[in-house]
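Everything below concerns the one structure shown next.
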Amino acid sequence: MLEKHKKLEKNSILLLIFIIITISIGGLIEIVPLFRLETTIEPVKGIRPYTPLELAGQDVYIREGCYGCHSQQIRALRDEVERYGHYSLAAESMYDHPFQWGSKRTGPDLARVGGKYSDSWHVQHMINPQEYVPESIMPSYSHMATSKASLDDIGSHLEALRVTGVPYTDSMIENAYTDAMAQANEGEANTKDGLLKRYGKNTIVRDFDGKAGFVSELDAIISYLQVLGTMADLKDYNPDVVE
Amino acid sequence: MNPSNNNIETQDDIGTTGHEWDGITELNYPCPRWWVWIFLGTIVWAVGYWYIYPAWPVISGDSERGGTKGVMEWTQYKQLEESQSEIFSRRAENLEKLQNTSTKDVMDMPELYEFAVVGGKSAFKENCAQCHGSGGGGAKGYPNLNDDDWLWGGSLKELSKTIKYGIRSDHKNTRNSVMPPLAAVMGKDSVTKVSRYVAGLSKGSSSTAEGAKEYKQMCSACHGVNGEGNRIFGAPKLSDGIWLYGKGDEQQIESQIKSPQHGVMPAWIDRLGEDTIKQLVVYVYSLGGGE
């Protein structure tokens, strides 16, 4: 055995071939299951890709490191479901790149924060969290109120996500900027209809930060927070049903 | 090591690995026996684990989700259901009673009342405290729930409606009202006069007769002739010292007339459900301001 191995060590081509064979076996065992990944995503109605404004909000969320203190995954455990509502489904984060599950909870889980607070609460809470929650240690994010949301290249952002498998259509990419403006109520007349047609009639169109005139990062991040956990039609969901 | 005796084979009867690099050889100590047995044990354990629990992805039709199910058919969802059923069964008796009792009658049944208050309190902490304060004391723009100054009413029925459908929420049954910006209609002078008049109202001073005419004309339809407010529109009482957006000074009143602020409360019926809302109603009522 040892003598045979000596041959292998002395012949570089042979060694290369055997290394490739060995790594392939390990690789196959790790990679092949991923081809069946979609079978782990539960069929649930209502999940749509983020609108351009929500996506810009997610960018702000990631940039500010919100995931460092807030998770976005309600585990299927009794106490979590009691507190936050229905446990998170894989389908609910299938269009998140990267996903925001997180594992650190200095602050509460945000997977179902959408619709829980009013826009003006979010605005004031971002500017001074302690005003409403005195015991909170969240820092102030008041700069979001005065910074313009980064929307100039939002179309190419959608395009890039399409490569990863998010089903953005050509018209979504083409109208990304207009849709973002329309959702923050800053668009030209009639642009709202296009947005609702592309992303569904439940899309929230509001001046999120309450300041007319420009689309701030607050507009973007609040639009993102307000849609979190609200898309899936959980009333019809049953984990045992396989489609 | 003794420099005169550096041949390791002569030091020990372990033997070497057989490899030799320019005269250097390596001792071949075996792995500790306990370690080897634990290692082999984990492999056997894994096989048993695959048999019992879900483990391997399977290449089969699309109808199968996940992979092998294991003989126990364990899933985290079943585990959740089991752990929930334990607490649900403990709650069931009181919950059923609560469902079949009107909120009004709950107030007279000490045991059920306590059940509702405890449940309501915990739901309040998770869902309401962020705006209304952990003790219901309110914050700027969010009403205090401990006092008897209600915008939309503090009876059990009105509380229930407010919590279920919200205020200016996106629910179709929501409470709704909008104070129009009046500065353009009233003119600058008039706004100043009315602001002074309203500020006076809350301090109970009758000396500020100036502005009374304008107030009657522009404001009294919703806020009442004497500033008593009107719960049909959620129009706040102006004749008391309780202010939602400030301290009731002239500047603040002026800014509200120019660009009115409106509170928004989400509708909770879809998120919390009837039972929890019933508990919340009883809890909020119990805070002291209930009517």
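Comparing the full protein assembly with the isolated chain (1.4 Å probe, heavy atoms, ligands and nucleic acids excluded), the residues of the stretch A:64-91 losing at least 50 square angstrom of accessible area are A:A76, A:R78, A:E82. Secondary-structure-derived ellipticity at 222 nm for chain A, considering helices only, amounts to -12500 deg cm²/dmol, per-run term -39500 (n - 2.57) for DSSP H runs with n ≥ 4. Rounded to the nearest Hz, the phi-derived 3J(HN,Hα) couplings of the stretch A:125-133 under the Karplus curve 6.51 cos²θ - 1.76 cosθ + 1.60 (θ = phi - 60°) are 5, 5, 6, 8, x, 6, 4, 9, 10, where x marks glycine and proline. Excluding same-chain pairs closer than 8 in sequence, count the lysine pairs in chain A whose Cα atoms lie under 15 Å apart. For chain A, qualifying lysine pairs total 4. Applying 1/(1 + (r/R0)^6) with r as the Cβ-Cβ distance of B:R90 and A:D207 and R0 = 35 angstrom yields a FRET efficiency of 0.15. When the distances between all Cα atoms of chain B are binned every 5 Å from zero, what whole-number percent does each bin get? Going from the shortest bin to the longest, the percentages are 1, 4, 8, 10, 9, 8, 7, 6, 6, 5, 5, 4, 4, 3, 3, 3, 3, 3, 3, 2, 1, 1, 0, 0.
Label separation (A:D79 vs B:E73): 3.1 nm, computed from points 7 Å beyond Cα along the C-beta direction. Rounded to the nearest whole Hz, the Karplus-based 3J(HN,Hα) values (6.51 cos²θ - 1.76 cosθ + 1.60, θ = phi - 60°) of the stretch A:176-193 follow the sequence 4, 5, 4, 4, 5, 5, 4, 5, 8, 6, 10, x, 6, 4, 6, 6, 5, 4, with x at glycine and proline.
Helix B:110-127 and the long axis of chain B differ in direction by around 80°, with both axes built from C-alpha atoms. If you fit an axis through the alpha-carbon atoms of helix B:156-165 and take the longest principal axis of the Cα set of chain B, what angle between them do you get, 0 to 90°, nearest 10? For helix B:156-165, the angle is close to 60 degrees. Over the stretch B:183-258, how many pairs of lysines fall under 14 Å by alpha carbon, counting only those 8 or more apart in sequence or from different chains? Close lysine pairs under the 14 Å cut-off: 7. The stretch A:52-232: Rg/Rh from Cα coordinates, Kirkwood Rh? A ratio of 0.95. Ellipsoid semi-axes for the stretch A:115-191, based on the Cα gyration tensor and the rule √(5λ), read 32, 16, 12 Å when sorted largest first.
Per the Debye calculation on the stretch B:183-258 with a single equal scatterer at every Cα and no solvent contribution, log₁₀ I(q)/I(0) for q = 0.20 Å⁻¹ amounts to -0.79.
Across the accessible surface of the stretch A:31-71, with the other protein chains kept in place and a 1.4 Å probe, carbon and sulfur atoms take up 69 percent. Chain B packed on chain A takes about 3100 Å² of accessible surface away from a 1.4 Å probe, both sides summed.
Short to long, the 5 Å bins of the Cα pair-distance histogram for the stretch B:114-215 hold 2, 10, 13, 17, 15, 13, 12, 9, 5, 3, 1, 0 percent of all pairs. Each principal axis of the stretch B:161-291 carries a Cα extent, and these read 51, 31, 22 Å when sorted largest first. Electrostatic tally near A:H143: other residues with Cβ closer than 13 Å to its Cβ, Lys and Arg +1, Asp and Glu -1, net -1. The trypsin sites (Lys or Arg not before Pro) of the stretch A:69-124 that meet both conditions, a loop assignment by DSSP and at most 15 other Cβ atoms within 10 Å of the site Cβ, are A:K104, A:R105.
Surface composition of the stretch B:15-74: carbon plus sulfur atoms hold 67% of the accessible area, using a 1.4 angstrom probe and ignoring ligands, DNA and RNA. Peptide packing: for A:42-51, B:273-282, the average count of neighbouring Cβ atoms within 10 Å per residue gives the ranking B:273-282, A:42-51, highest mean first. When the alpha carbon coordinates of the stretch A:9-128 are projected onto the principal axes, the ranges are 72, 31, 30 Å, largest first.
For A:S216, the residues 5 or more places off, or on other chains, whose built amide H falls under 5 Å of its own are A:A149. With both residues required to sit in chain B, DSSP beta bridges show an antiparallel share near 90%.
A Förster distance of 30 Å, applied to the separation of the beta-carbon atoms of B:E250 and A:I137, puts the FRET efficiency at 0.20.
Each principal axis of the Cα cloud of the protein assembly as shown was evaluated for its coordinate range; sorted largest first, these ranges are 115, 59, 59 Å.
Shown for the stretch B:253-273: residues covered by the partner protein chains by 10 Å² or more of accessible area relative to the chain by itself (probe radius 1.4 Å), namely B:V264, B:P266, B:W268, B:D270, B:R271. Note that the protein assembly as shown presents 58 Å² accessible area per residue, ligands and nucleic acids not counted, probe 1.4 Å. Shown is the FRET efficiency for A:Y237 and A:D96, computed with R0 = 22 Å from the Cβ-Cβ distance and rounded to the nearest 0.05: 0.70.
Across the stretch B:183-200, coupling constants 3J(HN,Hα) worked out from phi with the 6.51/-1.76/1.60 Karplus curve, θ = phi - 60°, read 4, 5, 6, 7, x, 4, 4, 5, 4, 4, 4, 5, 4, 5, 4, 5, 4, x Hz, and Gly and Pro carry x. Stokes-Einstein diffusion for the stretch B:15-74, with the hydrodynamic radius set to the Kirkwood value over Cα pairs and evaluated at 10 °C in a medium of 1.306 mPa s, equals 103 µm²/s.
The values are calculated or read from the model by the stated rules, or taken from the named source; none is laboratory data. Remember, it's a predicted structure, so these values are computed and weren't measured experimentally. No Cβ is skipped: glycine too gets one built from the backbone with ideal geometry, and neighbour counts run over all protein chains shown. These accessible areas exclude ligands, DNA and RNA; they are computed on the full protein's heavy atoms, side chains included. Shrake-Rupley method; radii C 1.70, N 1.55, O 1.52, S 1.80 Å.
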